[in-house]
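One structure is given below, encoded as structure tokens.
The values are calculated or read from the model by the stated rules, or taken from the named source; none is laboratory data. Keep in mind it's a predicted model, so treat the numbers as computed, not measured. Cβ sites come from the backbone with ideal geometry, for glycine too, and all protein chains shown count toward neighbours. When the accessible area is computed, the model is the full protein with side chains, heavy atoms only, and any ligands, DNA or RNA have been set aside. Shrake-Rupley method; radii C 1.70, N 1.55, O 1.52, S 1.80 Å.
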Amino acid sequence: MASNNQSFQAGQAEGWTEEQTRNMTDGARQKAPEVKDKTLETAEATKAKTHEMTETAKHKTEEVALAARDKSGQTTDATHQKVQETKDQTARIMQETGEKVKNMAQEAAETAKNMFGNAGSGEAETKNPTDDSPADDKH
């Protein structure tokens, strides 16, 4: 009799296992759409967040590039201005130097003229090179 009893118990265990398996399968089938929807929502949220971060990074990169370009333009403008100022200053110095050299040459010529022009009369007249007044002729 034990074998009938064992067969009965084995049948009950098999039935119970099948029922549990069916319950689990049904539960999984019922949960599958929820899991699928949740997975889709997560994927869409991740995609949106990635897009947002990409746009933010793109915008920040553009801001940095514009700021760098502006700074570069300002530096270039300042450099051009400094170059122009240096050119103007150099031109002024050259003009002043040219005038000084011209004045010195004129004074040297006047001094030579006065010295050699009066050499025939036996007198040498000296003129102060800084004195702009005409020299007195002693002829």
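Could you please find all residues in segment 51-82 being of a type in the set (A, V, I, L, M, F, W, C) and open to solvent by 80 Å² or more (accessible area, probe 1.4 Å)?
53, 64, 66
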**Prompt:** Among all residue pairs at least 6 apart or on different chains, which show Cβ distances below 8 Å where the first residue, located in segment 20-42, is open to solvent by 90 Å² or more (accessible area, probe 1.4 Å) and the second is charged (D, E, K, R) and assigned to a helix (DSSP H, G or I)?
**Reply:** none
